[in-house]
Amino acid sequence: MTTSSTTGAAGAHTGASAAPVEPARRIRAAHTAGTVTVYQAYGPHLGLPAARDGRFPAAWKRERMTWIKPSFLWMMYRCGWAAKADQETVLAVEITRAGFDHALRHACLSHYEAATHPDRAAWREALRRAPARVQWDPERDLHLNALPYRSLQLGLSGFASRAYADEWTVSIRDVTPLAQEIHALVRAGDEAAARALLPAETPYPTGQLPHLGA
């Protein structure tokens with residue numbers, strides 16, 4: 001993967017004690033041998049039934065593209081710590097690694113990159129055919145400031161969106177109270193306590209993803 005010259009949230013170090021350099025693009029996620037956790041935020045009319053029943057309700061539109069985020073803090077940036085309209089319920093959705101890996105294998109970058117695609121026409125055709133698309137967006141710190149390395153957003157459409165909702169999903173949890181607790185600690189200046197509550201996200205073992213620029 002491409003690497004960045006800057007380390008992670010702890011900041012840059014030099015000399016023998018230097019921390020490992022964080023790759024410019026990497027999937028970091030809470031994962032087990034068989035599942036990976038991604039995050040989404042919805043209004044209570046969708047989020048609460050999904051968490052209650054452990055599956056997405058019929059009102060969840062399977063024909064639309066849906067974006068999933070393995071990064072908890074990026075989700076907090078997107079939903080404003082669950083304060084934005086129609087994003088008041090934050091869901092931790094545990095899905096099968098088989099489904100997640102399938103989506104990654106068949107995904108296309110959402111934008112053209114000369115270093116990744118032969119030409120714009122080839123990229124447009126790949127994007128048209130792909131059931132999933134990828135954006136690499138800056139990872140966020142506890143204050144939701146951008147970090148110098150990027151995390152995955154994965155957009156699912158067509159077959160992939162339907163499979164995500166009805167086949168890949170293993171469990172759905174409402175983590176809104178966790179988000180609110182962490183946010184309260186950040187606002188109180190207790191970053192150590194806030195950081196201790198963050199979901200443990202480690203590098204997800206995908207290997208090289210040249211078709212996704214990583």
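The values are calculated or read from the model by the stated rules, or taken from the named source; none is laboratory data. Everything numeric here is computed off the predicted structure, so don't read it as measured data. Positions of Cβ are generated from backbone atoms using ideal geometry, with glycine treated the same way; all protein chains shown enter the neighbour counts. We work out accessible area using only protein heavy atoms, side chains counted, and drop any ligands, DNA or RNA first. Shrake-Rupley method; radii C 1.70, N 1.55, O 1.52, S 1.80 Å.
Brief remarks follow.
- Flag if residue 188 is surrounded by fewer than 14 Cβ atoms within 10 Å (Cβ to Cβ) and either closer than 20 Å to residue 62 by Cα or not β-branched (Val, Ile, Thr) (or both): yes
- Leading residue by the ranking (surrounded by the fewest Cβ atoms within 10 Å (Cβ to Cβ)) among those in segment 191-207 that are touching a residue at least 60 places away in the same chain (Cβ under 8 Å) and of a type in the set (A, V, I, L, M): 200
- The residues in segment 83-115 that are open to solvent by less than 30 Å² (accessible area, probe 1.4 Å), hydrophobic (A, V, I, L, M, F, W, C), outside any helix (DSSP H, G or I) and under 24 Å from residue 175 (Cα atoms) can be counted, and the count is 5.
- For the residues 156, 144, the requirement of being more than 19 Å from residue 212 (Cβ to Cβ) and either modelled with pLDDT of 95 or more or open to solvent by less than 10 Å² (accessible area, probe 1.4 Å) (or both) singles out 144.
- Filter result (within 26 Å of residue 52 (Cβ to Cβ), of a type in the set (A, V, I, L, M, F, W, C) and assigned to a strand (DSSP E or B)) within segment 143-170: 154, 156, 170
- Output for segment 47-82, where each listed residue is open to solvent by less than 30 Å² (accessible area, probe 1.4 Å), assigned to a loop (DSSP other than H, G, I, E, B) and in contact with a strand residue (DSSP E or B) (Cβ under 6 Å, 6 or more places away or on another chain): 54, 70, 71, 82
- Failed criterion for residue 185 (all others in (1) under 16 Å from residue 29 (Cβ atoms); (2) in contact with a helix residue (DSSP H, G or I) (Cβ under 7 Å, 6 or more places away or on another chain) hold): (1)
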